[in-house]
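For reference, the structure is listed below as structure tokens.
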Amino acid sequence: MNSVSKPESALLILGHGSTENPDSSAPCWDHAETISAMGCFGSVHCAFWKEEPSFRQIWPMIEEREVYIVPNFISEGYFTKQVLPRELELSGPTTIREDMRLHYCAPVGSHPSMTKLLANHALEIMGETVRPEDTALIIVGHGTSLSKNSAKAVKSQVQALRQGSVPFAEVLDAYMEEAPYISDWAKQTSAANVVVVPFFVADGLHSYQDIPVLLGIEPEPTAAASHREVFRHNPHMINGRTLWYGSSIGTDPSLAEVILDQVADFDLKYGL
Amino acid sequence: MTLEETLAALLPIGKKLGFGELHLRRTEDALFTAHHREDANEPNLHSLDSARELREWAKYDDEGAFRPLKTAPNLRKGWITRTPEAQEFLSRLDAIYPGLFATWVAYTQERLRIVPLRETLKRQSGMYRISAKISTERVEQIRKEFCARNCLRTILWPSEEGSAHDPFVPEKIDEIPLLCSEACTLAINHARVLALEESLTKTH
């Protein structure tokens, strides 16, 4: 359990948000509510690139003079290195602006505690009766041929999971738009059971529609009344294999702890 | 004075205020209440008792379409929220109109940074970089057509750099205005579309 206690500081969680997907910002708000209820910060806020409050609107809302800023993003990249610092006018790990001290933490997806969260998320999807020793775990990312960074965070988590305390029969990475493709899951795994965890910060069209079709658990993209319905039909029996499919890792309530871990790590790294 | 204290001071017992499509008031039993302006005489309003419930309510319009812009003129009716706490009331108002009470307070204290549209567009990168190439004529089109049609906020930003921002002149008393200090993501996206159109026209 995290021991962050900063009643004089504010926490600002940054999300991408969406002008089209109503569920995109939900995990940020959920984690903010969880952390707010813990009472470890003076106030907890969210700001978004594509929703409100925007990164540019947020400052009048924050009354504390010290702010910890945690990007709820999966990896270091274009957003965390370029867009967020530019929009929030951050000049380094700590930015002094007028009488405010703004601490820019690393994104949640890069924290080592994500590994444990991924393992626990997979175990929860499978249920208690399924042994990890008989199960292949696939972490699925977006992947793109345009950038190596997209897959980097997934690969490093897969490496860590292979050496982790939960003895999965296999741990593999797979992607929607680059090899190894998630659509080849059956060829890439040999265990009787397979559990698939999307490495995304929120559920959206990829986790509701694209990946289920690529896995073969939905015949075609469907606009179900509740998109979350797709996670309620586990397990799926496909060609003699048993497949479990879970919601994006960013929707796991324990991600709130990872946000606090990034704050604690910032203090450790910069001696605060 | 904190934001919470400012809100409480603006709403003494018996006071009524407008805020976008909202009607705010403090009842005789000291409850802060808010509901849709057009529900003033509606006896059967559904009670929404948390910021979470209100955020979910404001997420969709009457047809069930997602409302990414919270100041779009289509907030659903039929609800009321009540709380004795100013801090909680502020959180609930932020769920409907994120940050806009704080924006107004910052404006009154001359702390609000107003950013010309051209400066916002010049800052963009990636797929939005082209938006900076938009002509002055088209820039005006964003404000007059796109923003005016789709949003209830009063624009404070000038279109071009070096111009003074529009002074805000309140039209009504007892009204907290919805102010826009910088173009939002939807306006930037619209600028991108117009800039792409312009570049295609020049090519042909």
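Quick rundown of the values:
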{"item": "Charge dipole (debye, nearest 20) of the range B:78-125; +1 at Cβ of Lys and Arg, -1 at Cβ of Asp and Glu", "result": "300"}
{"item": "Highest to lowest packing among A:122-131, A:208-217, scored as the average C-beta count within 10 Å", "result": "A:208-217, A:122-131"}
{"item": "Mean projected area (nm²) of the alpha-carbon convex hull when chain A is viewed from all directions", "result": "14.6"}
{"item": "Angstrom value of the Kirkwood radius, inverse mean 1/r, which spans all Cα pairs in the protein assembly as shown", "result": "24.2"}
{"item": "Length-normalised contact order for the range A:111-251 - Cα pairs under 8 Å, 6+ apart - percent", "result": "28"}
{"item": "Around B:Arg26: net Lys/Arg minus Asp/Glu count, Cβ-Cβ under 10 Å", "result": "+1"}
{"item": "Ellipticity estimate at 222 nm from DSSP helix runs (n ≥ 4, -39,500 (n - 2.57)) divided over chain A, nearest 500", "result": "-7500 deg cm²/dmol"}
{"item": "Accessible carbon and sulfur surface of the range A:132-195 relative to its total accessible area, %, 1.4 Å", "result": "51"}
{"item": "Dmax and Rg, reported as Rg then Dmax, of chain B (C-alpha, Å)", "result": "19.0, 68"}
{"item": "Cβ-Cβ FRET estimate between A:Ser91 and B:Arg111, R0 fixed at 22 Å, reported to 0.05", "result": "0.60"}
{"item": "Dmax and Rg, reported as Rg then Dmax, of the range B:92-204 (C-alpha, Å)", "result": "15.3, 53"}
{"item": "Magnitude of the charge dipole, the protein assembly as shown, Cβ model with Lys/Arg +1 and Asp/Glu -1, debye to 20", "result": "1020"}
{"item": "Residue of A:Lys187, A:Lys152, A:Lys116 that the Gaussian network model of chain A assigns the largest fluctuation, springs spanning Cα pairs under 10 Å", "result": "A:Lys187"}
{"item": "Whole-Hz couplings from phi, Karplus 6.51/-1.76/1.60, listed for the range B:115-129; x for Gly and Pro", "result": "10, x, 4, 4, 5, 4, 5, 5, 7, 6, 9, x, 5, 8, 4"}
{"item": "Inter-part distance where the range B:33-64 and the range A:1-75 are each reduced to a Cα centre, Å", "result": "24"}
{"item": "Under 5 Å, built H, 5+ apart or other chain: amide partners of A:Leu172", "result": "A:Leu137, A:Ile138, A:Ile139"}
{"item": "Size of electric dipole in the range B:1-117: Cβ of Lys, Arg +1 and of Asp, Glu -1, about Cα centre, debye, nearest 20", "result": "300"}
{"item": "Per-residue mean of C-beta atoms belonging to partner chains within 10 Å, peptide A:44-56", "result": "5"}
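The values are calculated or read from the model by the stated rules, or taken from the named source; none is laboratory data. What you are looking at is a predicted structure, and each value in this text was computed from that prediction instead of being measured. Counting neighbours? That spans all protein chains shown, and the Cβs are built from the backbone with ideal geometry, glycine included. Surface areas here come from the heavy atoms of the whole protein model, side chains and all, with no ligands, DNA or RNA. Shrake-Rupley method; radii C 1.70, N 1.55, O 1.52, S 1.80 Å.
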